[in-house]
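Remarks on the structure that follows.
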Amino acid sequence: MAKSGNSSMVPEAREALNRFKMEAANEVGVNLKQGYNGDLTSRQAGSIGGQMVKKMIQAYENGMK
């Protein structure tokens with residue numbers, strides 16, 4: 001049976017994803033801290049996710065050139 005969530009993620013990948021998330025949060029001006037961030041507003045959390053997607057699309061497009 002497959003595990004759900006991030007529990008099966010390779011530790012190095014988890015660290016890279018956390019760095020990427022912190023970088024995206026910094027770029028949109030959201031103070032993201034290590035650990036629990038349940039006090040963020042939906043707008044703040046959405047802006048971090050949106051910035052991450054934007055950066056992934058840019059990286060993909062740059063890789064196609």
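The values are calculated or read from the model by the stated rules, or taken from the named source; none is laboratory data. These figures come from a predicted structure and were not determined experimentally. Because the Cβ atoms are built from the backbone with ideal geometry, glycine has one as well, and the counts that use them run over all protein chains shown. Surface areas here come from the heavy atoms of the whole protein model, side chains and all, with no ligands, DNA or RNA. Shrake-Rupley method; radii C 1.70, N 1.55, O 1.52, S 1.80 Å.
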When ligands, DNA and RNA are left out and all protein chains stay put, how many square angstrom of accessible area per residue does the chain have with a 1.4 Å probe? 81
Taking the Cα centre of the chain as origin and charging only Cβ (+1 Lys, Arg; -1 Asp, Glu), how large is the dipole, in debye to the nearest 20? 80
First compute the accessible area of the chain with a 1.4 Å probe, then give the percent of it belonging to carbon and sulfur atoms. 54
